[in-house]
Amino acid sequence: MVYTRTFAQLSLAVQTAGAWENSDDITPDVLLQAINYGLLKGYGYMVKAWEDYYTLDTTFAIVAGTASYALATIAPNFYKLRHLDVSADGVTYKRCRPHALDVAYRYTSISPASSIFRMRYRMQGANLVLAPTPPAGFGKIYWIPLPVQFASIADVTPVTFDVPEEEMLVVALGQKFCLKRSDLDESQIDKDIVEYVGGLRCEADNRDAGEAFALDPNYGGGAIDDDCEDWY
């Protein structure tokens, strides 16, 4: 069940939960910060519950002799890398493994890679760096994007929620922000947050009811069995 909420709807939910509708302290600007905090913090819990669901992918050209690629270009709104595949022809891909920055000299001091499959990568600053210097080829990057943030109290951009627990968690985190600001007791809202996070884990498990069977090696159609003639 996918649905959306606006800033106005989320701010009203936080106000109502804390009985702050007529508060002189919890103003719309404070609610903006509270909800953006809730979106940031809540997104971390959501991604942790099921990373694959939030993962995007795209391909990009690897230019011969060019080792560094800006993440803002190849993976817009980049937040977290899942993994990187490389290909010589754009058809057959193989996973590219990372290397630590402290051994970068071992790769930069040798000749350019003779094959696209003889490279490693590292994350450095806001760039993806391939080493040794690559030949021409293709990359396929899998990444998790940044969470949505409201730019102002007038922002009408809708935020998408997949299950009610996501929205309830964001509202609860926004409420916690306001309670902390007012130096009020947070014990009950902390319990609520734990409950909603637990609910997220259950909802993540239910998003693909067949996954548990498909990934079970003891099941007839297990992950190690690519025999799918039953349906093609």
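The values are calculated or read from the model by the stated rules, or taken from the named source; none is laboratory data. For clarity, every value in this text was computed on a predicted model and none was experimentally measured. Cβ atoms come from the backbone with ideal geometry, glycine included; neighbour counts cover every protein chain shown.
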For this session: For region 96-116, indicate whether the set of residues that are at pLDDT 90 or above, among the charged types (D, E, K, R) and either under 15 Å from PHE60 (Cα atoms) or surrounded by 14 or more Cβ atoms within 10 Å (Cβ to Cβ) (or both) is non-empty.
Result: no
Exercise. Just to be sure, is ILE153 crowded, with 18+ Cβ neighbours inside 10 Å and either outside the structural domain of CYS96 (by TED's automatic domain parsing) or closer than 19 Å to LEU39 by Cα (or both)?
Worked result: no
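Residues checked against (1) part of a helix (DSSP H, G or I); (2) assigned by TED's automatic domain parsing to the domain that holds LEU200:
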| residue | (1), (2) |
| --- | --- |
| ILE26 | no, yes |
| TYR37 | yes, yes |
| TYR79 | no, no |
| ARG95 | no, no |
Seminar exercise, completed: Restricting region 151-195 to residues that are polar (S, T, N, Q) and touching a residue at least 40 places away in the same chain (Cβ under 8 Å), the one farthest from GLY44 (Cα to Cα) turns out to be SER182
Exercise. Under 9 Å by Cβ, and 6 or more places apart or on different chains, what pairs join a residue from region 6-28 that is under 22 Å from ASP192 (Cα atoms) with one that is part of a loop (DSSP other than H, G, I, E, B) and among the acidic types (Asp, Glu)?
Worked result: PHE7/ASP155; LEU12/GLU21; GLN15/GLU21
For this session: State whether one or more residues within region 157-164 are within 30 Å of PRO98 (Cα to Cα) and at pLDDT below 95.
Result: no
Problem set entry | From the options ALA49, ALA19, residue that is of a type in the set (Gly, Ala, Ser) and under 16 Å from LEU179 (Cβ atoms) | ALA19
For this session: Might you let me know whether region 71-80 holds any residue that is closer than 26 Å to VAL129 by Cβ, free of Cβ contacts under 8 Å to residues at least 60 places away in the same chain and hydroxyl-bearing (Ser, Thr, Tyr)?
Result: yes
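Conditions (1) over 25 Å from the mean Cα position of the chain (by Cα); (2) in the same structural domain as TYR196 (by TED's automatic domain parsing); (3) not basic (Lys, Arg), marked per residue:
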position	(1), (2), (3)
ASP57	no, no, yes
ILE62	no, no, yes
ILE74	no, no, yes
HIS83	no, no, yes
GLY90	yes, no, yes
ASP102	yes, no, yes
ARG118	yes, no, no
GLN124	no, no, yes
PHE138	no, no, yes
